[in-house]
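Okay, so here's the structure we're looking at.
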Amino acid sequence: MVKARWRARPRGCQPSRRRTRPHIGAMQHLDLTEEETAALVALLTRTIMDDRYPLSPRIRALKAILAKLKPEPVHEPVLPPKVYALPRAKKTGR
């Protein structure tokens with residue numbers, strides 16, 4: 001019978017009950033110039049278009065970021081087409 005050895009974890013690998021992400025809070029709002037925003041939009045668009053797997057979680061995340069940077073214009077709802085009735089035949093007194 002082989003006994004399992006107990007190993008102490010390195011200091012950086014201690015499991016924590018609550019995982020914090022301090023880098024996320026700092027990036028809530030980016031102050032970008034118009035040129036920087038345009039470059040970022042172009043890069044995201046090219047990356048999304050050139051990717052082999054368009055439905056992957058990575059590309060979905062990039063699409064969500066792109067939607068925040070460049071929101072789609074709101075379109076007004078399309079009205080249903082008007083239905084024209086055929087003209088009624090007039091009764092003529094023959």
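Using only C-alpha positions, report the orientation-averaged shadow area of the convex hull of segment 33-72, nm², one decimal. With every direction weighted equally, the projected area is 2.7 nm².
Net charge dipole, segment 33-72: roughly 300 debye, given to the nearest 20, about the Cα centre with Cβ charges of +1 for Lys and Arg and -1 for Asp and Glu.
Laboratory data are not the source of any read-out in this text; all were calculated from the coordinates shown. Just so you know, these numbers come straight off a predicted model, no measurement behind them. Neighbour counts are summed over all protein chains in view; Cβ atoms, including those assigned to glycine, are modelled from backbone coordinates with ideal geometry.
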